[in-house]
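> Below: one structure in structure tokens.
Every number in this text was worked out from the coordinates using simple rules, so none of it is lab data. Small disclaimer: the values here were computed from a predicted structure and weren't measured. A quick note on method: Cβ atoms are made from the backbone with ideal geometry, for glycine too, and the neighbour counts reach across all protein chains shown.
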Amino acid sequence: MGHVDRALINSFDMSVFMAGIKGKKGSPPKITSRGNLVAQHGPTGPEIHINMNRYGIAGAKDANLGGFGKSSRNISAEFKFVESQPVITASFTIGDDPKMVRAIYKIAFGAVAFHFGVDAALDSYYDDVRCFVLDGIGDKKILAKPANDTEYRNAVSAPIRRDGDGQGLGFLIRIANVEFFVDLTRDGSMLNALRAELEKEFGRNGWGIFPISLSMG
């Protein structure tokens, strides 16, 4: 399932880099897979090189920067002056890879096994979830919204039960500073109820149903 996990890791590489989260062997984070952006941590802190030209150029430390094109992995940036001070803004998207949704369902399904044991996770009630995670079969959705704070944090909530359905579970999963709600009921009723509640309270802004592309600045 490494290719599924990689889709999730790639979606949050900018968040990991900006938070300075080190790798498994203690190596500082770096980004070399976004085409027109190369990022690394140097002696004085994070170093980010962005190429907004349509043609490639040689970047810092012999790292080549591709030209800005149509790839969803490219970073869009803008340079301007605000009250005589130079300001650079950049944005990227998460959610453009459909495997990311499978990866988040995988986390939720792992939480079922953690809380209730392997036998519960192997129950036929979750057959459609397993098929979706393993082979991408089915049309599963997740709800996403920015967290209420900017702290980099990963967490999975305790199971959220649907009344009257012992196996109807949901999980709130936080990755970096984005929160996802995963509905493991067969009819998707928990997600639909939450969606209606958010529309009533906030309208259509500030949250979304994946798979979509969510811009992060």
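> Mind checking the alpha-carbon convex hull of segment 136-203 and giving the volume per residue in Å³?
109
> Out of residues 5 or more away from I142 or on other chains, whose amide H comes under 5 Å of its own, with H placed 1.01 Å from N in the peptide plane?
F210
> Ok, one more. P(r) of segment 111-157 in 5 Å steps, Cα pairs, percent per bin?
Whole-percent P(r) values from 0 Å outward: 5, 16, 17, 19, 19, 12, 10, 2.
> Cβ neighbours within 10 Å, averaged per peptide: list 116-123, 12-19 in order, most packed at the top.
Most protected by this proxy first, the peptides run 12-19, 116-123.
> Could you give the length gained on full extension between V87 and D119, defined as 0.36 nm per residue of separation minus the Cα-Cα distance, in nm?
So the chain would gain 6.0 nm between V87 and D119.
> Still on this structure: Once you keep just the Cα pairs under 8 angstrom separated by 6 or more residues, what percentage relative contact order results for the chain?
The normalised contact order for the chain reaches 17 percent.
> Take the alpha-carbon centre of segment 74-88, take the same for segment 126-150, and report the distance between them in whole Å.
Between the Cα centre of segment 74-88 and that of segment 126-150, the gap is 36 Å.
> Which values of log₁₀ I(q)/I(0), to two decimal places, follow from the Debye formula for the chain at q = 0.07, 0.14, 0.15 Å⁻¹ with a uniform point scatterer at every Cα?
-0.27, -0.94, -1.04
> Per Stokes-Einstein, at 25 °C and 0.890 mPa s, what whole-number D in µm² s⁻¹ belongs to segment 91-217, with the Kirkwood radius over Cα pairs as the hydrodynamic radius?
Translational D for this selection: 162 µm²/s.
> For helix 189-202, report the angle its Cα long axis makes with the longest principal axis of the Cα atoms of the chain; keep it between 0 and 90° and round to the nearest 10°.
Orientation of helix 189-202: about 50 degrees from the principal axis.
> Let me ask something else about it. Report, to two decimal places, the Cα Rg of segment 8-97 normalised by 2.2 N^0.38 Å (N = number of residues).
Working: Rg = 13.7 Å, N = 90, 2.2 N^0.38 = 12.2 Å.
Dividing the Cα Rg of segment 8-97 by 2.2 N^0.38 Å gives 1.12.
> Between the helical axis of 2-11 and the dominant principal axis of the chain, each derived from Cα atoms, what acute angle in degrees is found, rounded to the nearest 10?
60
> Counting each DSSP H run of 4 or more residues in the chain as -39500 (n - 2.57), what helix-only mean residue ellipticity at 222 nm follows after dividing by all residues, to the nearest 500 deg cm²/dmol? Please list the in-between numbers first.
On the way: 6 runs with 62 residues, N = 217.
Rounded to the nearest 500, the figure is -8500 deg cm²/dmol.
> For each of K141, K24, count neighbouring Cβ atoms within 10 Å of the residue's Cβ, then give the residues from fewest to most.
Ordered by Cβ neighbours within 10 Å, fewest first: K24, K141.
> Right, next: Which pairs break 24 Å Cα to Cα here: K106/K145; K22/K70; K30/K70; K22/K140; K106/K141; K70/K140?
Flagged as over cut-off: K22/K70; K22/K140; K70/K140.
> Can you work out ³J(HN,Hα) from phi for every residue in segment 27-37, in order, using Karplus 6.51 cos²θ - 1.76 cosθ + 1.60 and θ = phi - 60°, giving whole Hz and x for Gly and Pro?
6, x, x, 8, 10, 9, 10, 10, x, 8, 9
> Find out how many positive minus negative residues lie around F68, taking Lys and Arg as positive, Asp and Glu as negative, among other residues whose Cβ is under 15 Å from that of F68.
That works out to +3.
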